[in-house]
Structures are given as C-alpha cells and as structure tokens.
1. Return a yes/no flag: does the stretch 116-128 have any residue that is at pLDDT 85 or above and in a helix (DSSP H, G or I).
2. Please pick out the residue among Gly44, Gly31, Gly51 that is touching a helix residue (DSSP H, G or I) at 6+ places or on another chain (Cβ under 9 Å) and more than 23 Å from Leu108 (Cα to Cα).
3. Based on this model, can you work out whether Ile194 counts as in a helix (DSSP H, G or I), at pLDDT below 75 and more than 30 Å from Cys21 (Cα to Cα)?
4. Can you tell me which residue is surrounded by the most Cβ atoms within 10 Å (Cβ to Cβ) among those in the stretch 14-32 that are at pLDDT 80 or above and under 13 Å from Asp153 (Cα atoms)?
5. Scan the stretch 106-113 and give yes if some residue there is loosely packed, with under 14 Cβ neighbours inside 10 Å and either at pLDDT 85 or above or not aromatic (Phe, Trp, Tyr) (or both), otherwise no.
6. Residues of the stretch 91-119 being of a type in the set (A, V, I, L, M) and touching a Leu at 6+ places or on another chain (Cβ under 6 Å), which ones?
7. For the list (1) surrounded by fewer than 19 Cβ atoms within 10 Å (Cβ to Cβ); (2) modelled with pLDDT under 85; (3) touching a helix residue (DSSP H, G or I) at 6+ places or on another chain (Cβ under 9 Å), I need the number of the one condition that Ala102 fails.
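The values are calculated or read from the model by the stated rules, or taken from the named source; none is laboratory data. All of these numbers come straight from a predicted model, not from anything done at the bench. Cβ placement follows ideal geometry from the backbone for every residue including glycine, while neighbour counts extend to all protein chains displayed.
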Amino acid sequence: MSNVYFIFAQIFGGIATLILCLSYVVKSKKGFLLLGIFGDIAYGMSFLFVGSWSAGVIALLSCLQFFFVYFFEKKNKTMPKIIAFLFIVIFIGVGSLTWNSAWDIIPLASYIWYTLTLYIKDVKSIRLMYILPNILLVVYDIMVMAYASAFEDGIEALFLGIMIILDFIKVTLSKRKVIANLKAQIVNKSKGTIFCSLQSAYSQLRKVNNYYMSKIAKNQWNTFSIPSFCKFSKVSFY
C-alpha cells in the first residue's frame, strides 16, 4: 500500500508542477491567485501521500489563504492584515501539532513568508520573493521523498533565477546599444554635426533610463515592497 501512496504522491506533485508552471505566464494577480489555489491543493496532497503531514496540511490551508486574497482582489481591496495574522497563527499551530522532524521548519517558515508576499501587488515581484523558499523546499522535498514536488520547486526556482538574469541582460544590452550608436555617430559625422548627435544620443539614453526607472518606481521591474507591517524597506534587484 505504501507503494501506491508513493505513486499518488508523485502524480499530485506532477499536477502541481503543471499548474504552477501555467501560473508563470499569467500576468494578472487574480489569475496567479486562482491557479495558486489549485496548485496548493495538488501540492498539499503530494505531501500527505508520503506521510509529511505538517507540509501537507499547511499547503492545503494555504489554499484558503489564496482564496481570501483572491476574494478581496476581485473587489479591488487588500485582505485585512488580521486575516493574514490568523493564518500565520494557524500555520504555527498546525506545524506544532504535526511536527515530525526538524525539517518541518522549512515548509512552516516558507508558508509564513508566502503569506507576507501576497500583499505585494506586482506578480513578478511575488515570484521573485518565492526564490529562496523554493530552494529550501527542494531540500525538504528530497528529505521526505516527495521527488515530484522537489522537481516542481526546482523548476520554479530555476525559472525565477533565469528571469532575473534575462532582465539584467535586457537592461544592459539596451544601454550598450545606445552607447554604440553614440560612438558610431561621433566617428562618422563631421565636427559640425557632433553636437546634434550628442544631444540625440543623450536623449535616447535618458529615455532608456527613465523607462526602467519608472518600472522600478511602479514595482513593475524586479522591484518589490514587503508589506509595511514587516518594517522592511524597498528592495531592488536592478
């Protein structure tokens, strides 16, 4: 029977992988949250079938949390912080009651962290905040033999890491292109037209910088704001 449970655990882990990978292409927070509900259901079931009750129950409770956030998001409101606080208390309580080993601290801490990140409006920033917990959950998945879940967490962490690198490359190449155009214009044009070329290139460079700085200011480009009640300051990966 244990072999059957093991197989079901990997099946649910695979389903969670597909759902959460689909959430990567969703741009709206509502879509992200809706997929997160079903993803956590499959994710929680994968842990229950391998006997990891702490991670499984917490993941299933996280579905309710996603639902609450989704409910308020549909009304263009922010979930009251008291609800988030209650979920954190419940997670700690469940973690204490279902504690199997020291490794259970990883899913407990991860889902408390997820609770805080759900107050961030920008989906890209939320995903960036998921990197460290997902890396830690890969270790936990392997320790409890939830290998499909380990694969899912690894893919998610890898995806987010690649996204950061691609964003950095995109910004760097945009600036280098402007600088290369400036050099070409200086070399090919007469002294009488150099000043105009400098003005044009400088204007282009300002547009590039303003574009990315505006995204940073609006939390749309590798920038995220942790909820105010955490008393953290704004952080940027750029």
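1. Yes, the stretch 116-128 contains a residue that is at pLDDT 85 or above and in a helix (DSSP H, G or I).
2. One residue alone meets the criteria, Gly31.
3. yes
4. Selected residue: Ala16.
5. So far as the stretch 106-113 goes, no, none of its residues is loosely packed, with under 14 Cβ neighbours inside 10 Å and either at pLDDT 85 or above or not aromatic (Phe, Trp, Tyr) (or both).
6. Ile106
7. (3)
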